Amino acid sequence: MNVAAIPMPYGLMLATVLFALGLVGVLVRRNVVFVLMSIEVMLNAAGLAFVTAGSRWSQADGQVMFLMILATAGAEVSVGLALVLQLYRHFRTLDVDSASNMRG
Amino acid sequence: MLHFVWLVPTLPLAGFFMLALVGSRLPRAATAVIGAGTVGLSALISMLIGAAFMTNPPPDYFYSQDLWMWINASGFTAAIGLYLDALALLMMVVVTFVAFLIHLYSTEFMIDDDGYSRFFAYMNLFVASMLMLVLGGNLLLLYLGWEGVGLCSYLLIGFWYSDPANGAAAQKAFIVTRIGDTAMAIGLFLLVTKLGTLDIQTLMRRAAEAWQVGSALPIAAAALLLAGALGKSAQLPLQTWLPDAMAGPTPVSALIHAATMVTAGVYLIARMHGLFLLAPPVLTAVAVIGAATLLVAGVSALMQRDIKRVLAYSTISQIGYMFLALGVGAWTAAMFHFMTHALFKSLLFLGAGAIIMSLHHEHDIFKMGGLRRKLPVTFWTFLVASASLAGFPLVTAGFYSKDLILWNAWSSSRGSPWLWAAGLAGAFLTGIYIFRLVFTVFYGEEHGHMEKSPGLRIHIPLVVLAVLAVVAGFVEAPEFLGGKPWFSGFMETALPSPVKSPVVSGSETLFEFAAGVVALAAIGLAYILFLRARLMVQRLGLSTTGRLAARYFFVGWGFDWLYDRVLIRPFIRLCGFAKDDFIDRVYGGIAFAIRLFHHALSSTETGRVRWYAAGIVFGAVVLVAIAVFL
């Protein structure tokens, strides 16, 4: 198995970088579609970390967890996109900051 | 028959529980049957017991029944036990009988009220508590009933609670009587620590053995019990609550604030006569307070405009007579006046209720007038009760009972001419104020319009009570009519007979003649002043001194004003002064800190999603850092 040839720190580092990118995207992007995409990136970063760890100890658990994350991400996206549509209909904008009705 | 005595308080109590639990779901007819029926059954059983007691008296003229042990702790025992002697029997029969008639009256009087079942539940609880008070064989059980009637009085004065004035009147009644009740509780503690029992008969026996006549302990104990009696019976100086208690429905005024509860103080003193006889100064105080109260309240009654307030002051005044009788040692005379007063005063209140209902809740006597043709039954029964209250000679019950008190005030070894003179002056006032009411309400020009006429269930109690307000006096017909003192003969199986002064001048007949003349003179004067020479009274009322005097007596000699200035305002000022003490600052500091955190946290609730996300990230980083580094 030459998959094991990639050392685990590299995989984890890549996952960390992806997660950080996604997090920054969530925090700085104001367009709600990009926020959703950034969340996808963060989920996949977590999935990569599972897969890397699973391959390091030659266990299937990591890949099982990744399948679950895929399913969760699919569900999240369907709800998220529906919310985006409603948001757009209601406020005529995709800017999450201007979609706040709260005072104070 | 006597062993059924436990049923007498239990039946109204059962009625209370039924009405309290399911009363709101029952139709009005069922509520009326439960409410009046339980009390009616109880009255029937009391009368059968009374008949059995008199035809076949138990040994030593008392019957006691211990139902179960209530408290048994380190030498102190108190049983749920009933004690029936002539005194308790009289109270029981009068209470249940009058209560039944008033319940019957209420089934019609309260028919349009939303709180129909609530009313009967409270009334049944009242009757049960009152019977517990009367039948209780030990002072603790008596005190339970005593507080129970106080609670019911509070609940029923504030029955129409949506008007804050009624709630205030209820609280006033509760707090003022509570002053007396607290003193009474201290008296009970004193008795139980010194004599080791609260069983009334044992207590009086031990007190007579252990204490000298006139020593400090019996005086203290009797004075504390007297304070309780003064509060409950609305005597000076705790009388201010009763006129305001008229805020309750009229049947409540008739039952609680005229016939039964307010005479509980009289009962207490008569029941504890053994203790009071050991404390002659306290007995003198009872007589003097009674005499003062009957005059003060009589003058106030003369100035009232509200028909129920006239009757309330009249009640205070008549209970003053009972206290006067107790104070001079004429125990049976006090109980005789209690019985006749319960009959004619509840009749007066029920008549007043019928008038008030017919005139659409009009209380002002000067807006009534000429009612004798419109309300004939009410007029005649009211007239009979008024004559009885005024002591109309020879035919009315009130004449015989009041006369017995006056005679004893003169002839008893504890009596004095001053007490007798006060009583006679009070009798004169009584005649004037009650016939002022009769002439103003039933004679003269007609004012106002009739709303509706009272029906049968109102008329039956009126007529029955009117008959009794006349014939009840003949149980103690005086000697010159060839009667036998049958009533005092029976009562003296439970109460000591009055000690005659060795130097009595005059005979009872002479005094009866004087009292009769005074009563007739008062009625005649009322006729002249309030029917013939109306203008003269009005002119007198418009003069400066007349107006000031009328105002002063109208507010009940300014006792409310005095208590407000001397007690209530200083207390409120003290409360305001003590409000900011250091303990309060601790609690204030806690509240301040909570408010600060609340503002800090609520300012983060902005609705900006990205700030929330940043908050989550920050929190996660802190948690991970704690997990890794600690």
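The values are calculated or read from the model by the stated rules, or taken from the named source; none is laboratory data. Just so you know, these numbers come straight off a predicted model, no measurement behind them. Cβ coordinates were reconstructed from backbone atoms using ideal geometry, including for glycine residues, and neighbour counts include every protein chain displayed. Each accessible area value is taken on the protein alone, full model and side chains, heavy atoms only, with ligands, DNA and RNA left out. Shrake-Rupley method; radii C 1.70, N 1.55, O 1.52, S 1.80 Å.
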A student applying the Cα gyration tensor rule (rounded when a/c is under 1.5; otherwise prolate if a/b is larger than b/c, oblate if not) would label region B:580-629 oblate
How much solvent-accessible surface does residue B:512 expose, in Å² to the nearest 10, with a 1.4 Å probe and all protein chains in place?
10 Å²
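If DNA, RNA and ligands are ignored and the probe is 1.4 Å, what is the ranking of B:575, B:152 by accessible area, most exposed first? List each step's numbers first, then the result.
Values: B:575 65, B:152 0 Å².
Largest accessible area first, the list is B:575, B:152.
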Would you kindly find the accessible area of residue A:88, with a 1.4 Å probe and non-protein molecules such as ligands, DNA and RNA excluded, rounding to the nearest 10 Å²?
100 Å²
Which is farthest toward the positive dipole end of region B:173-256 among B:249, B:187, B:227, measuring Cα position about the Cα centre, with Cβ charges +1 (Lys, Arg) and -1 (Asp, Glu)?
B:187
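Let me make sure I get this right: for region B:1-117, a, b and c are the square roots of the gyration tensor eigenvalues over alpha carbons, sorted descending. Under 1.5 in a/c it's rounded, otherwise prolate if a/b > b/c, else oblate. Which is it?
Working: a/c = 3.12, a/b = 1.57, b/c = 1.98.
Judged from the Cα gyration tensor, region B:1-117 comes out oblate (a/c at least 1.5, b/c at or above a/b).
Given a 1.4 Å probe and no ligands, DNA or RNA in the count, how much accessible surface is buried by B and A, both sides, to the nearest 100 Å²?
Values: alone 27070 and 7540 Å², together 33710 Å².
Summing both chains' loss of accessible area gives about 900 Å².
With a Förster radius of 41 Å, plug the Cβ-Cβ distance of residue B:76 and residue B:51 into 1/(1 + (r/R0)^6) and report the FRET value to the nearest 0.05. Present the calculation step by step, with values, prior to reporting the outcome.
Values: r = 37 Å, r/R0 = 0.91.
Once the sixth-power term is evaluated, E becomes 0.65.
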Beyond 18 Å, what share of the Cα-Cα pairs of region B:127-260 is found? Please give it as a whole percent.
57 percent
Using the alpha-carbon atoms, what tilt in degrees (0 to 90, nearest 10) does helix A:32-56 show relative to the longest principal axis of chain A?
10 degrees
Mind ranking A:58, B:497 by accessible surface for me, highest first, 1.4 Å probe?
A:58, B:497
Put +1 on the Cβ of each Lys and Arg and -1 on the Cβ of each Asp and Glu in chain B; which of B:422, B:63, B:326 then has its Cα farthest toward the positive end of the dipole?
B:422
Magnitude of the Cβ-charge dipole of region B:334-532, K/R +1 and D/E -1, about the Cα centre, nearest 20 debye?
260 debye
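Which order do A:37, B:322 take when ranked by solvent-accessible area (1.4 Å probe, heavy atoms of all protein chains), largest first?
Details: A:37 105, B:322 0 Å².
Putting A:37, B:322 in descending order of accessible area: A:37, B:322.
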Under the rule rounded for a/c under 1.5, else prolate if a/b exceeds b/c, else oblate, using alpha carbon gyration tensor axes a ≥ b ≥ c, region B:1-209 is classed as oblate
To the nearest 0.05, the calculated FRET efficiency linking residue B:552 and residue B:572 through their beta-carbon distance, R0 being 22 Å, is 0.30
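Once you charge only the Cβ atoms, +1 for Lys and Arg and -1 for Asp and Glu, what is the size of the charge dipole of the protein assembly as shown about its Cα centre, to the nearest 20 debye? Provide the component values of the computation, followed by the final result.
Values: 44 positive and 36 negative charges, 297 e Å.
Rounded to the nearest 20 debye, it is 1420 debye.
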Residue B:6 accessible area, nearest 10 Å², 1.4 Å probe?
100 Å²
Out of B:614, B:629, B:600 - ranked by how far each Cα lies towards the positive end of the dipole of region B:580-629, with unit charges on the beta-carbon of charged residues - the top one is B:614
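Using helices alone, what [θ] at 222 nm do you get for chain B, with -39,500 (n - 2.57) per DSSP H run of 4 or more residues, divided over all residues and rounded to the nearest 500? Walk me through the numbers on the way to the answer.
On the way: 27 runs with 437 residues, N = 630.
Using -39500 (n - 2.57) per qualifying helix, the result is -23000 deg cm²/dmol.
Evaluate the relative contact order of region B:118-185 (contact order divided by residue number), counting alpha-carbon pairs under 8 angstrom at least 6 apart; express in whole percent. List each step's numbers first, then the result.
Details: 59 pairs, mean separation 16.7, N = 68.
Worked out over region B:118-185, it gives 25 percent.
Please state the relative contact order of chain B as a whole percent: Cα pairs under 8 Å, 6+ residues apart?
Numbers: 1013 pairs, mean separation 73.5, N = 630.
This gives 12 percent for chain B.
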Would you mind counting up the charge near residue B:529? Only other residues with Cβ under 15 Å from its Cβ, with Lys and Arg at +1 and Asp and Glu at -1.
+4
Can you give the percent of C-alpha pairs in the protein assembly as shown whose distance is more than 42 Å?
44 percent
Quick check for me: using +1 on Lys/Arg Cβ and -1 on Asp/Glu Cβ, what's the dipole size of chain B about its Cα centre, in debye to the nearest 20?
1220 debye
In short, region B:591-630 residues buried by 20 Å² or more of accessible area relative to the isolated chain (1.4 Å probe) are B:605, B:606, B:607, B:608, B:609, B:610, B:613, B:617
